[in-house]
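Undergrad: Can you read through this structure? Questions will come right after.
The values are calculated or read from the model by the stated rules, or taken from the named source; none is laboratory data. Since the model is a prediction, treat every value here as computed from it, not as a measurement. As a convention, Cβ positions derive from the backbone with ideal geometry for all residues, glycine included, and neighbour counts pool all protein chains shown.
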Amino acid sequence: MRWIEKKWVSVSLLWIAVLCIWQLGAVVYGPDVIPGPWSTLKGGQELLADGTLTKYIGISFYRVLVGWVLGSLVAIPVGLIIGKVNVIRIFAEPFLNFIRFIPPIAFITLFLVWFGIGEQSKIALIMYATFFIVVLNILTGVMSVEEDKIRSARSMGASEWQILLHVIVPATIPYIFTGVRIAMGTSYMAIIGAEMIASNEGVGYLIWNSRLFFRTDWIFVGLFCLGFMGFFTDRLLGWFGKKVLFRYGVVSVAGKRR
Amino acid sequence: MTLLAKQNAIHIEQLRKSYSEPSVGDVHYIIKDVDLVIKGGEFFILLGPSGCGKSTLLNMIAGFVSKSGGNLRVNDVEVNKPGRDRAVVFQQADSSLFPWLTVRQNVEFGLRMKKTPKEEQRLISDRYIRLVGLTGHEEKFPKELSGGMKQRVQLARVLANDPAILLMDEPFGALDAMTRRTMQKELVNIWRETHKTVIFVTHDIQEALLLGERIGIMSVGPSSNITDIYDNSLSYPRDVASQQFYNLYNTIQGHFEE
């Protein structure tokens, strides 16, 4: 193997190249338009020193996590029931397909009116962002359970409830997992929007508020934090899926090579 | 013997399955006016070309497909839904086995649904896993098994529920020729050991002659019917090279050459 094909060599070369281009951009356009790596680092240090960055990350993360967990917990049984009961599905499907085109951000004002300015409205927004994606994924999952599996369970004496619990749920787990994983991404998008418009804390607030001081370096810090938060939670989720849910056919998307 | 033969017998009279074609305003029959009596403990073959409705007939006996007319009684009870007394072995093991369960858990599925005590489940699954020759593979998942082994799991899984009737829908159709031969021999042994009624669907004349006591020939659809029934009293294990086998083969072959 040639030395350049070693993974750590190629990855570090890539990152060095990215940093160089970034720095070049900063030099050409000036640090106010594109803050370079060094000034971003300084900005980050500044925000870390007075504790705002850690606090903001914690707050945004808390909102996403609570809303995402609650949203998923509501969505999983709802999705299973809609998928399993034909009558409900016939009524629910047009509604689901209508509402899924309305992005969470569009609801911010309404949610503020309905749930108040506090945490509730943000968490409700994340729940909204999570709910429909998870439900629609579960629906696809339930619909694609092979007829033979249900038939064989039925002829082995399983009741409808046992079929739901012992056949449909386990067969749908890969779809549920994909659903909650995608929902995690949309949750981050929703919370940043909400924090930009209606919050005094959080990473979204940091990004939005920095414009007042023209601190583009702080904006860069916010963007990096978002990227890392999403990256780590997704990796954690992927790892969990691979370790715990492998028998249900959950595969890690990130780790898969073709 | 006569008592046993009456038990678990299947009586089919003027059985029909139709579907209406709204565009033509016409009624089409998949099978029409099928009359058939299958004795308890008999190994019966349904032989016919693809699309002749033999799977439909099997699915009707299983209770998966409702009838459009006529009578269908198992053990003197009209069939209207799947039941524990009629086990189905599907053509595709991949779509009917539960991939998230181990071989043992798959075999114990019906018993678990019935809430059989754990120790008893274990004893029964051990017995049938041994019967189909899968001892040592209990803790494997279906995806770790070959096609033939998966069909053995299916067989053990239905036998564990101790059904009176085994309905088999081309179970060896997807196997390679050598594995198929082994499976055919073992199925005959299992049948002779357990005295189940077996209805076996196939389009392979040789398979039909190797396995069955009686062979029902189904005509090409639509409005398919059982046109002829052949007795095959050759002793098991059957010799493909024998003169009687050859003669019977030619007679049946003649049906499909018109």
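Undergrad: If you scan the range B:103-150, which residues turn out to be assigned to a loop (DSSP other than H, G, I, E, B) and within 12 Å of chain A (Cβ to nearest Cβ)?
TA: B:108, B:114, B:115, B:116, B:139, B:140, B:141
Undergrad: Quick check: is even one residue across the range A:140-150 at pLDDT 90 or above, surrounded by fewer than 19 Cβ atoms within 10 Å (Cβ to Cβ) and outside any helix (DSSP H, G or I)?
TA: Among the residues of the range A:140-150, at least one is at pLDDT 90 or above, surrounded by fewer than 19 Cβ atoms within 10 Å (Cβ to Cβ) and outside any helix (DSSP H, G or I), which makes the answer yes.
Undergrad: For the range B:42-55, check the following and say yes or no: at least one residue is within 11 Å of another protein chain (Cβ to nearest Cβ) and either hydroxyl-bearing (Ser, Thr, Tyr) or surrounded by 21 or more Cβ atoms within 10 Å (Cβ to Cβ) (or both).
TA: No: the range B:42-55 contains no residue that is within 11 Å of another protein chain (Cβ to nearest Cβ) and either hydroxyl-bearing (Ser, Thr, Tyr) or surrounded by 21 or more Cβ atoms within 10 Å (Cβ to Cβ) (or both).
Undergrad: Every residue in the range A:232-254 that is away from chain B (no Cβ under 14 Å) and assigned to a helix (DSSP H, G or I), please.
TA: A:232, A:233, A:234, A:235, A:236, A:237, A:238, A:239, A:240, A:242, A:243, listed by residue number.
Undergrad: Looking only at helices (runs of 4 or more DSSP H) that lie completely in the range A:153-231, which have at least 1 residues being within 23 Å of the chain's Cα centre (by Cα) and over 18 Å from residue A:66 (Cα atoms)?
TA: Output list reads A:169-198, A:203-209.
Undergrad: Select, from A:124, A:183, A:129, A:171, the only residue that is of a type outside the set (Asp, Glu), in contact with a helix residue (DSSP H, G or I) (Cβ under 7 Å, 6 or more places away or on another chain), crowded, with 20+ Cβ neighbours inside 10 Å and at the interface with another protein chain (Cβ under 10 Å from one of its Cβ atoms).
TA: A:171
Undergrad: Looking at the range B:54-80, I want the residues that are farther than 13 Å from residue B:13 by Cα and among the polar types (S, T, N, Q) and have a partner that is assigned to a helix (DSSP H, G or I) and at pLDDT 90 or above with Cβ atoms under 9 Å, at least 6 apart or on another chain. Which pairs are those?
TA: B:59/A:151; B:66/B:60
Undergrad: A further question follows. Restricting attention to the range B:92-102, report how many residues are more than 7 Å from chain A (Cβ to nearest Cβ), in a loop (DSSP other than H, G, I, E, B) and surrounded by fewer than 20 Cβ atoms within 10 Å (Cβ to Cβ).
TA: Summing the residues that are more than 7 Å from chain A (Cβ to nearest Cβ), in a loop (DSSP other than H, G, I, E, B) and surrounded by fewer than 20 Cβ atoms within 10 Å (Cβ to Cβ) in the range B:92-102 gives 1.
Undergrad: Return the residues of the range A:148-168 that are of a type in the set (D, E, K, R) and facing another protein chain (nearest Cβ under 7 Å); say none if nothing qualifies.
TA: A:148, A:149, A:151, A:154
Undergrad: Checking residue B:239 against (1) touching a residue at least 24 places away in the same chain (Cβ under 8 Å); (2) in contact with a Phe, Trp or Tyr (Cβ under 7 Å, 6 or more places away or on another chain); (3) not in a helix (DSSP H, G or I): exactly one of these is not met. Which one?
TA: (1)
Undergrad: Now, a different point. On the basis of being in contact (Cβ under 8 Å) with a residue 40 or more places away in the chain, assigned by the TED database to the domain that holds residue B:74 and not in a helix (DSSP H, G or I), does residue B:252 make the cut?
TA: no
Undergrad: Suppose we keep only residues that are modelled with pLDDT of 90 or more and under 15 Å from residue B:95 (Cβ atoms) within the range B:135-157. Which one would you say is surrounded by the fewest Cβ atoms within 10 Å (Cβ to Cβ)?
TA: Going through the qualifying residues, I end up with B:143.
Undergrad: Being within 14 Å of another protein chain (Cβ to nearest Cβ), hydrophobic (A, V, I, L, M, F, W, C), surrounded by 18 or more Cβ atoms within 10 Å (Cβ to Cβ) and over 18 Å from residue A:151 (Cβ atoms), is that true of even one residue in the range B:62-71?
TA: no
Undergrad: Just to be sure before I move on: is residue B:158 touching a residue at least 60 places away in the same chain (Cβ under 8 Å), in a helix (DSSP H, G or I) and more than 11 Å from chain A (Cβ to nearest Cβ) in the structure I sent?
TA: Answer is no for this residue.
Undergrad: A further question on this structure: Do you know which residues across the range A:33-61 are among the polar types (S, T, N, Q) and free of Cβ contacts under 8 Å to residues at least 40 places away in the same chain?
TA: A:45, A:54
Undergrad: Those residues that are under 32 Å from the mean Cα position of the chain (by Cα), loosely packed, with under 11 Cβ neighbours inside 10 Å and not charged (D, E, K, R), I need them from the range A:1-28; list them, please.
TA: A:8, A:11, A:14, A:15, A:16, A:17, A:21
Undergrad: For residue B:179, are the conditions met, namely being away from chain A (no Cβ under 14 Å) and without any contact (Cβ under 8 Å) to a residue 12 or more places away in the chain?
TA: no
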